1. Around Ala63, which amide H atoms from residues at least 5 apart in sequence, or from another chain, sit under 5 Å from its own amide H, with H modelled in the peptide plane?
2. Rank by packing, highest mean first: peptides 89-98, 59-68, 8-17, 107-116, with packing defined as the count of other Cβ atoms within 10 Å averaged across residues.
3. Which of the chymotrypsin sites (Phe, Trp or Tyr not before Pro) across the range 77-116 are loop residues per DSSP, with 14 or fewer other Cβ within 10 Å?
4. Only one of the values (1) 14, 46, 30, 9, 1; (2) 13, 43, 34, 10, 0; (3) 12, 34, 28, 16, 7, 2, 0 was calculated from this structure for P(r) over Cα pairs in 10 Å bins from 0, in percent; name its label.
5. First measure r as the distance between the Cβ atoms of Ala89 and Phe66, then evaluate 1/(1 + (r/R0)^6) with R0 = 25 Å and state the FRET efficiency to the nearest 0.05.
6. Number of Lys pairs in the chain with C-alpha atoms less than 26 angstrom apart, excluding same-chain neighbours closer than eight positions?
Amino acid sequence: MHVGDIVAVKLAVNGTSWKYLLAEDPIPAGTEFMPNTGLYTLNNKPDWWADWFTRKEFHDDRAAFFNTEFSQRREYVYLLKVVTPGKFAISPAQAGPMYQTSVQTTTDPATLEVQQ
């Protein structure tokens, strides 16, 4: 990966049916959100590219996706632009019902290496 690259991120959540699900996906340092993904033409757009959420928010350090209804599987997608070279840790994504905080799931941590 190089500075200036645009990365499509896909977060898939599987589970049982819930109401009011929140999925939060931290982004690595050295990247920035591309919030208006509809303004970009994606060549060979994959079948999984769709908006399956009730609401989304982009914060400085994470994307948050809200669903009033969740049933078995959701996939969330967004674009990041790589802006800084280096090796960066990516914290685990988290998902769970907003009003039952004892039920949570996470992904594994990862790393991102960016070359000049």
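Every number in this text was worked out from the coordinates using simple rules, so none of it is lab data. On a predicted model such as this, the values are computed, not experimentally measured, just so you know. Note: ideal-geometry Cβ built from the backbone for every residue, glycine included; neighbour counts use all protein chains shown.
1. Under 5 Å from the amide H of Ala63 lie the amide H atoms of Asp25, Ile27, each far enough along the sequence or on another chain.
2. My ranking of the peptides, most packed first, is 89-98, 59-68, 8-17, 107-116.
3. Here the sparse-neighbourhood loop sites are Tyr99.
4. Correct label is (2).
5. Calculated value: 0.45.
6. 9
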